[in-house]
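One structure below.
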């Protein structure tokens, strides 16, 4: 029983990694100017107050305009691209 659970857990991890890599590769193939938020960027406690708007995509898939990439990543965006989002709300 334990061996079966262990095998299932290994398969789940492999599937998750392949799924994430596939999504990342698709995003990058659609638009090469997309930037992924790295784990260290998501943990930022302080961001510079420079207005260089970016369009960030949240885990829900919602697009939101942030004042800069640091703010986007620290507020949970998965990835971002330069410029404001078309028709999306601005971050408060």
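Quick note: the coordinates plus some simple rules give every number you see, no bench work behind them. Keep in mind it's a predicted model, so treat the numbers as computed, not measured. A quick note on method: Cβ atoms are made from the backbone with ideal geometry, for glycine too, and the neighbour counts reach across all protein chains shown.
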For a test of the definition: using alpha carbon positions, the gyration tensor, and the 1.5 limit on a/c, classify the range 33-92 as rounded, prolate or oblate. oblate
Using a basic spin-label model with each label point 7 Å from the Cα along Cα→Cβ, how many nm lie between residue 7 and residue 86? 5.0
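How much length, in nm to one decimal, is gained on full extension between residue 51 and residue 33, taken as 0.36 nm per residue of separation minus their Cα-Cα distance? Don't jump to the answer; show the numbers that get you there.
On the way: separation 18, 0.36 × 18 = 6.48 nm, distance 1.88 nm.
Taking residue 51 through residue 33 to full extension adds about 4.6 nm, to one decimal.
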For a protection proxy built on the mean count of beta-carbon atoms within 10 angstrom, sort 77-85, 45-53 highest first, please. 77-85, 45-53
A correct fewest-to-most ranking of 57, 34 by other Cβ atoms within 10 Å would be 34, 57
